[in-house]
Protein chains: 2
Amino acid sequence: MLKDKIRNKEGGILFYGITPPKAKNTKEELEAIAKKQIDRLKDLDIDGLVLYDIQDESDRTDVKRPFPYMETLDPCVYAKQYLDAPLHVPVVIYRAVGKYDKEEFSEWLENRKGRDFHTVFVGAASKETKVTIGMREAYKLKKEINDDIVLGGIMIPERHTLKQDEHLKVFSKIDNGCEFFVSQCVYDLMGAKRFLDDYLAYSKEHNKPLVPIIFTITPCGSSKTLDFMKWLGINIPPHLEERLKNSENILEDSVKLSRDIFEILYFYGKGKGIPIGCNVESVAIRKDEIDASIELLHDIQKIMDR
Amino acid sequence: MLKDKIRNKEGGILFYGITPPKAKNTKEELEAIAKKQIDRLKDLDIDGLVLYDIQDESDRTDVKRPFPYMETLDPCVYAKQYLDAPLHVPVVIYRAVGKYDKEEFSEWLENRKGRDFHTVFVGAASKETKVTIGMREAYKLKKEINDDIVLGGIMIPERHTLKQDEHLKVFSKIDNGCEFFVSQCVYDLMGAKRFLDDYLAYSKEHNKPLVPIIFTITPCGSSKTLDFMKWLGINIPPHLEERLKNSENILEDSVKLSRDIFEILYFYGKGKGIPIGCNVESVAIRKDEIDASIELLHDIQKIMDR
């Protein structure tokens, strides 16, 4: 179903994105966490559950990480061992390709043969990160070993504001086999709008089809979370940062803002003929932030009329 | 043609808006001004030329007016005596109803019988302004004397941000005979977006059709013009005001910003099924600001694919 929606290049795809639990948890703790997540997700009308593959991005910047890095469970392991049977929703597994060597990666691709599988390849956080295989090799191996996998790429609207070439990166990834894109969390509406304009213009000029662009939005519950988002490279326009930091209810305001930004992008895409989807992300651990992400998901369902 | 577009409730209506020349000009000066304006407009693909009816709005606020008030020629006189024959485009005449007494206004309506005529009624700038007839009476007289006139109303997105009831005002004006709306100049994208959301929701809930909403955009060439726009009650979000005031090229930046804001609203409306049009306004006298408004008009033509 998700595979069909992606390959038919449909708009209105809806994801929910979470990070797997910390690897240091015991089996019992992991089961308890999984049960909670399943309870929260089982009645939701989503097309896929995104599972992030967390890498330590400290290489990328000299600024201190606001939250400590702790290794998380491999998203494939978490999905298969803890979520798979009780949760009847496709998973979309992020794969930080730089974590693996060629043999591991090839075996992983091999083992996913013969069933619907969705993944998003993520490159190294910075050029300084030690990698064993790069994106080019990952694309090549995917094509050789298991070309049936539904492959996605990441897209960063903020980068478009800086360099105006994110649409070129996207089309190059499409040439390498990407069939959909999930954005980094978007607070910069104009950057995202201009990316869509250039994405559409290039597609028309070169007669290339448009694949679904899935915008990620995420509630932000505290100044510390906001700092963390900035640390991750998310561009929060200064006036919005100011507004959120001075807000009496930063969580509520960020949910409202995220919903408005997505609603604009969704119908803008609809008006222009660009397939737009949404990924509601919950990267926080605090209960009120998780609840807010579920509330946001319900809002998006309404916007998408599903 | 314009009449049909309005009555068919179409999106994509395009206006250009100007103020008539100062009344103190001689006949020769007026002819020279009109010639210049006709030259600028004659090759443009627009649906209508908006002519404002300027009233002294000093009653509305205690803040000093940045530009002095000077009486302008009556827009009907200017249209008929100076523009009518050479310019083959429908005019949309603003009518500040509070300037007239009942007899004058009735005669004016009477004299417009038997031909296509488009007008926008504007109420008093403040409750303190001395008026002879009010909006209620103007609507009543129009219905009694000349109901064929194509009537528009004004819409202020900024007011929606403050009071959340602009859509109710709009539907009440529709009940009074308004068939389209022209907004005040819009720099507050989120306010305009939320107005459209509420406008659509109310229309669905009460099973009322949506009439065209024509958003006004205007280039701003200097800090003084910006102050004037603020004085007129246009809400420029603080971060945009900051950006424009500190801009090396305020004119170019304001054109770009206005175009992006309109493009978003246009396709947002298209996606949601709300008919959106555009009124490019040139209220300034400086040549570079006028040129910028024409350039902006060309951009909007492209956006509308006309």
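The values are calculated or read from the model by the stated rules, or taken from the named source; none is laboratory data. A quick note: this is a predicted structure, and the numbers were derived from the prediction, not measured. Backbone-built Cβ (ideal geometry, glycine too); neighbour counts: all protein chains shown.
Brief remarks follow.
- Number of the exception - B:S183 against (1) closer than 17 Å to B:G277 by Cα; (2) hydroxyl-bearing (S, T, Y); (3) modelled with pLDDT under 95: (3)
- Here A:I261, A:I294 are screened, and the one residue that is within 11 Å of another protein chain (Cβ to nearest Cβ) and modelled with pLDDT of 90 or more is A:I261.
- Some residue of region A:203-211 being closer than 21 Å to A:Y52 by Cα, among the β-branched types (V, I, T) and surrounded by 19 or more Cβ atoms within 10 Å (Cβ to Cβ): no
- Exclusive hit being within 14 Å of chain A (Cβ to nearest Cβ) and closer than 24 Å to B:G17 by Cα, set B:F195, B:F181: B:F195
- Within region A:201-252, considering residues that are basic (K, R) and within 23 Å of A:N279 (Cα to Cα), the one nearest to the other protein chains (Cβ to nearest Cβ): A:K230
- Candidates A:F15, A:F67: the one that is out of contact with any strand residue (DSSP E or B) (no Cβ under 8 Å at 6 or more places or on another chain) and among the aromatic types (F, W, Y) is A:F67.
- Of the helices (runs of 4 or more DSSP H) entirely within region A:1-117, those holding at least 1 residues that are over 20 Å from the mean Cα position of the chain (by Cα) occupy A:27-41, A:102-111.
- The sole residue among B:D148, B:D74 that is more than 30 Å from B:D39 (Cβ to Cβ) and at pLDDT 90 or above is B:D148.
- A:I274 vs. criteria in contact (Cβ under 8 Å) with a residue 12 or more places away in the chain and either more than 12 Å from chain B (Cβ to nearest Cβ) or touching a strand residue (DSSP E or B) at 6+ places or on another chain (Cβ under 6 Å) (or both): no
- Boolean, B:V255 is more than 14 Å from chain A (Cβ to nearest Cβ), closer than 21 Å to A:L189 by Cα and either touching a Pro at 6+ places or on another chain (Cβ under 9 Å) or in contact (Cβ under 8 Å) with a residue 40 or more places away in the chain (or both): yes
- Single residue of B:I290, B:I303, B:I234 found to be touching a residue at least 40 places away in the same chain (Cβ under 8 Å) and closer than 30 Å to A:M304 by Cβ: B:I303
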